[in-house]
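So the structure is just underneath, and the comments pick up after that.
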Amino acid sequence: MKRVITFDLDDTLYPEREYAESGLRCVGTYLESAHGVVGAADELLAIQRSGVRGQVFNRLARTGAFDEALIPELVNIYRGHFPDIAFYRDVIPTLAQLRECHLAVITDGPLICQQQKIAALGLARYVELIVCTDEAGRPGWKPSPYGYRKVAEYFGVAPESCWYIGDNPIKDFVGARSLGWVTVHIEREDVFHPGRRAASVEAEAHFRIGGLAELFSLFEVPGRQAPG
């Protein structure tokens, strides 16, 4: 039976920081052209690089640069923009080496954001199935097992044939482990949300790696049959 190797998207297959900066540049261009906020993109990027997450537009608005009533419109521009992003360098070689396996992606986030990321990366060329959990609304987001069940049902495989590789121990591995999947925590450098820690032992992955090239050594771990 073929194995199913499933990946998270953000900070697993591409750097989420690239997406955030792409969105802020897009919003900054809009603010400058439509509302005369000179240097808006640089200001937004500086706020984010200072460590702010989720309140970047609010911070700039509070300086008097623009009216806070604009923020919902800016959020829509950010979410709907076509991002300038690229895979990590180890992604395409790894997917090529896994061509004898079934390949899938499960990703959380507002649907339009994830669809634009998927299109920008050309992800559908490399994997058989992409599950955007927001298709089921917020209840479908990880740690819900919704996405993992969809993958297993699509390929019709037993849980022990399924592997999941993700970066966020707060939510990525709970649903997969509850269904009997093998889980792998990829700890890349300079991620957008550093320092995340699992809430319990049950939420931690079975294995940890620093890059996708290390994945193949895990297939030789006793009790874990190699995929393919």
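Overview of values
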quantity	calculated
From the options 100, 160, 128, 135, residue that is farther than 30 Å from residue 77 by Cβ, among the charged types (D, E, K, R) and touching a Leu at 6+ places or on another chain (Cβ under 7 Å)	128
Segment 84-96: number of residues that are surrounded by 13 or more Cβ atoms within 10 Å (Cβ to Cβ) and closer than 24 Å to residue 160 by Cα	3
Test set (1) open to solvent by less than 10 Å² (accessible area, probe 1.4 Å); (2) in a loop (DSSP other than H, G, I, E, B) - residue 65 fails condition number	(1)
Cross-chain or 6+ apart pairs with Cβ under 6 Å, segment 136-151 first and touching a residue at least 60 places away in the same chain (Cβ under 8 Å), then open to solvent by 20 Å² or more (accessible area, probe 1.4 Å) and in a helix (DSSP H, G or I)	143/174
Selection count where residues are closer than 30 Å to residue 98 by Cα, outside any strand (DSSP E or B) and among the β-branched types (Val, Ile, Thr), scope segment 1-57	1
Total residues in segment 68-83, condition in a loop (DSSP other than H, G, I, E, B), open to solvent by less than 30 Å² (accessible area, probe 1.4 Å) and either of a type in the set (D, E, K, R) or more than 19 Å from residue 12 (Cβ to Cβ) (or both)	1
Matching residues, segment 173-187, being assigned to a strand (DSSP E or B) and open to solvent by less than 10 Å² (accessible area, probe 1.4 Å)	182, 183, 184, 186
Odd one out for residue 168 among (1) touching a residue at least 40 places away in the same chain (Cβ under 8 Å); (2) open to solvent by 50 Å² or more (accessible area, probe 1.4 Å); (3) not small (Gly, Ala, Ser)	(2)
Count of segment 147-179 residues which are of a type in the set (Ser, Thr, Tyr) and more than 24 Å from residue 191 (Cβ to Cβ)	3
Pair list, Cβ under 6 Å, 6 or more apart: segment 203-228 residue over 24 Å from residue 178 (Cβ atoms) and at pLDDT below 90, other residue open to solvent by 40 Å² or more (accessible area, probe 1.4 Å) and not aliphatic (A, V, I, L, M)	228/100
Per-region count, segment 113-168, residues part of a helix (DSSP H, G or I) and not β-branched (Val, Ile, Thr)	29
Contacts under 7 angstrom Cβ, first residue in segment 107-130 being within 18 Å of residue 21 (Cβ to Cβ), partner polar (S, T, N, Q), 6 or more apart	114/107
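The values are calculated or read from the model by the stated rules, or taken from the named source; none is laboratory data. Values in this document were obtained by computation on a predicted structure and should not be read as measured data. Positions of Cβ are backbone-derived with ideal geometry, glycine not excepted, and every protein chain shown enters the neighbour counts. With ligands, DNA and RNA removed, areas are computed over all heavy atoms of the protein, side chains included. Shrake-Rupley method; radii C 1.70, N 1.55, O 1.52, S 1.80 Å.
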